[in-house]
Amino acid sequence: MSERQAQADMQATIQTGKEETYARLTREIVSVLEGESNNIARMATVSCLLHEAFPDRIWTGFYIVDPMKPEELVVGPYQGTLGCLRIPFGKGVCGTAAAERATQVVDDVHDFPGHIACDSRSVSEIVVPVCNCDGDLIAVLDIDSDKPAMFDQTDRTALEELIEAIFG
Ligand code: SME
């Protein structure tokens, strides 16, 4: 077997592992939250179980659209090191995801204009918009790693599906 083939096989194994982990987590989270309609309880549960399931993550949590300031995010339930309290729409990775209502996958935050460094160890990041059943943006899910390029299409798809299953 060539080295290239071996690397491709190893990558496929890692990907399968990640897909299976997300599938298991989604089942667990849906099960734990059955009958619970409070969004803070839902966000706290998602943050905890997502954070515990993967190594190499230094922050997993939510920034919530502030009902008193609809163009501003305020920190919600999270796991990890201290997060900044408020992020205006359009600022940093979270603010961009909120303003564009589009998932942001960033391999290296140092290349992202306006990135907000809550923790200087942060390198790669994924931010997924969270909408309610009416299609209104209510929050963003932010996951940070201290390693480069930790998030890919598998994370994007799995997290978007998870968010839709829990909050949509
Ligand atoms: N990195 C984020 C800020 C939030 S923290 O990392 C927890 C951003 O640029 O939006």
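Here are the numbers:
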| item | result |
| --- | --- |
| With Cα atoms, 0 to 90° folded angle of helix 39-53 axis to the chain main axis | 20 |
| Neighbour-count ranking [beta-carbon atoms within 10 angstrom, fewest first] of 131, 118 | 131, 118 |
| Gyration tensor (alpha-carbon) shape descriptor, the chain, a/c threshold 1.5 | oblate |
| Per-pair calculated FRET efficiency, R0 = 30 Å: residue 52 and residue 131 via Cβ, rounded to 0.05 | 0.75 |
| GluC sites (Glu not before Pro) restricted to segment 15-46 and DSSP loop, no more than 12 other C-beta within 10 Å | 34, 36 |
| Folded to 0 to 90 degrees: helix 3-32 orientation relative to the chain principal axis, Cα | 40 |
| Modelled FRET efficiency - R0 45 Å, residue 68 with residue 28, Cβ distances, 0.05 increments | 0.85 |
| Using a Förster distance of 25 Å, the FRET efficiency for residue 165-residue 100 (Cβ separation, nearest 0.05) | 0.65 |
| Anchor residue 147: lysines whose Cα lies under 21 Å away (excluding residues fewer than 8 positions away in-chain) | 18 |
| Net charge contributed by nearby residues that have their C-beta within less than 14 Å of residue 47 (K/R +1, D/E -1) | -2 |
| Value of relative contact order over the chain, rounded to a whole percent, pairs C-alpha under 8 Å and six or more apart | 20 |
| Candidate lysines for bridging to residue 91, where Cα separation is under 21 Å - those fewer than 8 sequence places away on the same chain excluded | 69 |
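Values quoted throughout were computed directly from the atomic coordinates according to the rules given, and no laboratory measurement underlies them. Because the structure is a prediction, the values reported are computed rather than measured. Every residue, glycine among them, receives a Cβ derived from its backbone with ideal geometry; neighbour counts consider all protein chains shown.
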